[in-house]
1. Just one of (1) at negative phi; (2) surrounded by 12 or more Cβ atoms within 10 Å (Cβ to Cβ); (3) of a type in the set (S, T, N, Q) trips up SER188, so point out which.
2. Among the residues of region 640-680, what is the count of those that are closer than 26 Å to ALA626 by Cβ, in a helix (DSSP H, G or I) and either small (Gly, Ala, Ser) or in contact with a Leu (Cβ under 7 Å, 6 or more places away or on another chain) (or both)?
3. Just one of (1) on the phi < 0 side of the Ramachandran plot; (2) loosely packed, with under 12 Cβ neighbours inside 10 Å trips up GLY175, so point out which.
4. Filter region 29-52 down to the residues that are aromatic (Phe, Trp, Tyr) and closer than 21 Å to THR307 by Cα and list them by number.
5. Quick one: what pairs do we get from region 457-484, first residue in contact (Cβ under 8 Å) with a residue 12 or more places away in the chain, second in a loop (DSSP other than H, G, I, E, B) and of a type in the set (Asp, Glu), C-beta under 8 Å, 6+ apart or different chains?
6. Kindly list the number of the only condition in (1) within 16 Å of ligand 3 (Cβ to nearest atom); (2) under 33 Å from the mean Cα position of the chain (by Cα) that fails for LEU487.
7. Restricting to region 23-76, count the residues that are touching a Lys or Arg at 6+ places or on another chain (Cβ under 8 Å) and over 21 Å from ARG107 (Cβ atoms).
8. Return a yes/no flag: does region 415-432 have any residue that is closer than 30 Å to HIS597 by Cβ, buried (at least 19 other Cβ atoms within 10 Å of the Cβ) and within 16 Å of ligand 2 (Cβ to nearest atom).
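The values are calculated or read from the model by the stated rules, or taken from the named source; none is laboratory data. Since the model is a prediction, treat every value here as computed from it, not as a measurement. Glycine also receives a Cβ, built like all others from the backbone with ideal geometry; neighbour counts cover every protein chain displayed.
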Amino acid sequence: MSVLKLAVPTPLHTLFDYLPPAGSAEEALQPGVRVQVPFGRRKLTAYLVSHSATSDLEPAALKAADTLLDPQPLISPGIVALCNWASEYYQHPPGEVFQAAFPRLLRDGKAHRCNTVAGWELTTRGKGLPEGALARSPKQAQALAMLQREDQVSGAQLRRAGLGSAILKALETKGLAQRCEIQPGIASPVAREPLRPGPEQRAVLSAIAAAGDGFNCHLLEGVTGSGKTEIYLQCIAECLASGRQALVLIPEIGLTPQTVARFSQRFNAEITTLHSGLGDAERYRAWEAARSGSAHIVIGTRSAVFTSLARPGLIVVDEEHDQSFKQQDGFRYSARDVAVKRAQIENCPIILGSATPSLESLHNALQGRYIHHRMQQRAGNSQMPALEAVDIRKAPLQAGLSPTLLEAMQHCLESGQQVLLFLNRRGYAPTLQCHDCGWIAECDHCDARLTLHRRQRQLRCHHCGVSQPLRQRCPSCHSEQLLATGLGTEQTEEWLRRHFSRWPMYRVDSDSMRGRESMQALVEQIHGGDPCILLGTQMLTKGHHFPAVALVGIIDMDSMLFSTDFRGEERAAQLLTQVAGRAGRDEVPGRVLLQTHHPDNPTITAMLTQDYHHQAMAMLARRREATMPPLGYLLIARSDCTDAAAGEQFLNRLREMAQPHLPAGVNVIGPLPAPMQRRAGRFRSQLLVHTCDRRLSQLAARRLVQEAQKLRAGGNLSWSLDVDPQDV
Ligand code: ADP
Ligand code: ZN
Ligand code: ZN
């Protein structure tokens with residue numbers, strides 16, 4: 001008897017046993033194939049993980065799968081292994097993990113189809129025509145000649161040759177040509193001339209080459225503008241030259257069309273992009289291009305890490321420190337960590353690049369697990385900017401801007417350069433308060449205040465998205481004295497438009513930039529180099545190059561300083577270094593002004609006097625003392641429930657049940673309310689599990705999941721496990 005072990009997309013942490021579908025050949029049942037199975041009253045698409053000679057189920061209880069959906073697996077053995085690993089490491093249901101490796105259409109059980117393009121070919125009659133036929137109709141003769149030369153020609157190719165569909169239809173009417181579907185072949189990619197590497201780049205390139213094309217993890221720590229992207233491009237050129245494909249993970253494609261543009265300028269190759277902005281059909285095509293091997297370079301966001309490649313040769317994770325690589329709901333994984341595992345499984349090199357590497361990666365590099373490369377000079381002639389603190393205690397602020405900053409802006413704009421202002425808060429003001437009684441506008445569904453958006457005349461919650469019309473009176477005392485307090489980008493923008501009206505001003509945040517077109521248009525405008533003011537949130541710091549920006553103003557440094565999260569200081573240092581890195585490129589020396597009420601704060605002093613690398617080393621030492629990641633391991637078991645007490649009770653029970661099975665060295669803390677306990681009407685509580693050993697952490701993760709499954713999570717309660725959580 002052969003029993004199929006299947007990953008079925010359900011929330012259960014187990015594989016399911018089924019008998020093979022009737023009439024299926026043993027050799028067709030390869031790990032990774034999709035199988036349709038009856039599950040309760042539903043039909044589900046499941047994934048074959050392995051075979052077994054026996055089952056724990058009674059033979060009578062074993063059901064047979066309905067149909068085998070693929071004659072061969074659509075995902076590579078490497079991806080099957082990666083999914084198995086991820087399901088175990090993140091203790092996530094295998095069915096949901098395997099789903100991450102397929103586009104929606106295939107998850108839904110649709111038949112696999114190769115990517116094809118519509119084209120034309122000759123009929124038997126057409127093939128019989130002699131060369132030089134149809135002389136009276138030169139266009140038709142030209143089309144005929146093209147089809148005779150190349151068998152099948154795509155509609156696009158014909159149009160490029162000036163042969164529209166009318167001409168082909170004429171041939172069709174004469175019974176000479178017919179429509180066809182063409183399968184793309186694998187073209188040879190061509191790399192254009194690379195830049196001549198500088199001394200640091202040359203050293204890195206030869207070290208990467210010397211390490212070979214087997215598995216190695218390279219941490220490329222290079223200051224902003226040091227030419228990391230050029231390193232990726234040259235390594236990719238090598239990879240393509242050896243006939244293999246490259247996978248490039250970046251934080252957000254929608255916002256960085258010019259990253260993709262740099263790749264397509266360098267390579268005459270098929271480049272496919274995978275990101276959340278794609279519709280199901282587009283995503284399928286992109287996935288299929290990667291899988292079949294027709295795409296040479298696959299550029300994608302987080303979820304692309306599970307995309308099967310026919311000939312994997314290199315993985316690049318750009319801005320590896322970026323938090324968007326961590327999936328924060330459902331299947332909670334770190335795409336960076338999964339990428340490293342994948343490179344190991346596929347036995348290919350991986351490059352993690354950043355100006356501000358995560359402490360995790362830095363630690364791995366220092367331990368010798370990763371090969372560490374550093375670039376401390378900017379490429380070309382551009383200089384690193386100078387950082388200065390601006391003490392704003394007692395300073396008369398206008399829309400948050402001090403006289404020192406305003407003067408510097410004036411000077412910069414008048415000398416024909418661009419200014420970038422950073423304020424990490426959208427909207428007009430973060431608080432609306434009644435001056436007479438102290439009432440504050442709060443979200444009904446979250447433990448959070450509502451943000452005032454004045455232009456839309458709305459109050460909005462930035463956590464659950466609800467909005468309500470701006471009120472004129474205090475609901476508590478009916479006073480009209482409602483004050484907007486605190487500062488958001490909309491307010492600063494309004495003020496600047498009035499007082500700096502000579503120069504164009506662009507606000508960049510998720511309210512003003514909807515979709516990639518608006519960002520692309522803006523980036524082009526800015527690259528024109530005319531003086532202007534850019535005002536934005538974190539969105540501005542993501543991978544953009546603004547060569548003419550000579551002044552960066554950090555409007556509210558203090559908001560970055562006081563975080564309760566143990567990663568707070570790391571994030572502040574990364575964010576500041578990244579924002580500052582936008583300035584002073586291309587020979588314009590840059591200046592960065594940090595407005596603060598705490599000029600003597602140790603974090604600020606460290607930022608002014610040390611580069612990111614030194615700050616990071618000091619932070620690592622503190623993490624070591626506190627045995628916090630990466631020098632300790634964390635898990636969080638979360639409950640999420642409309643009833644706060646029920647959620648906490650669940651975690652208490654879980655703790656009681658798991659504790660006797662946990663070895664010494666596993667510290668369970670809680671249950672405690674999550675940082676923002678109520679969000680969108682649901683209460684979140686958490687158990688924090690701390691260990692000093694990865695194996696202990698894995699053991700605890702398995703035990704927690706095992707026990708949690710025994711507990712009946714009543715009604716609307718849901719629970720989840722977060723391995724290596726980002727926010728604690
Ligand atoms: P990073 O990715 O480290 O921020 P980039 O690769 O984007 O750096 O390079 C920054 C700028 O320097 C870009 O404008 C790039 O074209 C230029 N650059 C990179 N390498 C070289 C080189 N070897 N010679 C000349 N210019 C270079
Ligand atoms: Zn009031
Ligand atoms: Zn809310």
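1. (2)
2. Qualifying residue count, region 640-680: 4.
3. The failed condition is (1).
4. If we filter region 29-52 for residues that are aromatic (Phe, Trp, Tyr), which is where we start, we get 39, 47.
Passing the criteria: only TYR47.
5. As it stands, the answer is VAL466/ASP444; CYS474/ASP436; CYS474/GLU480; CYS477/ASP436; SER479/ASP436; GLN481/ASP436, since those pairs meet every condition given.
6. LEU487 satisfies all of (1) within 16 Å of ligand 3 (Cβ to nearest atom); (2) under 33 Å from the mean Cα position of the chain (by Cα) except (1).
7. 2
8. Residues of region 415-432 closer than 30 Å to HIS597 by Cβ: 415, 417-432.
Narrowing the set further to residues that are buried (at least 19 other Cβ atoms within 10 Å of the Cβ) leaves 417-430, 432.
The next check asks that each one be within 16 Å of ligand 2 (Cβ to nearest atom); those that pass are 432.
Yes, there is a match, as at least one residue in region 415-432 is closer than 30 Å to HIS597 by Cβ, buried (at least 19 other Cβ atoms within 10 Å of the Cβ) and within 16 Å of ligand 2 (Cβ to nearest atom).
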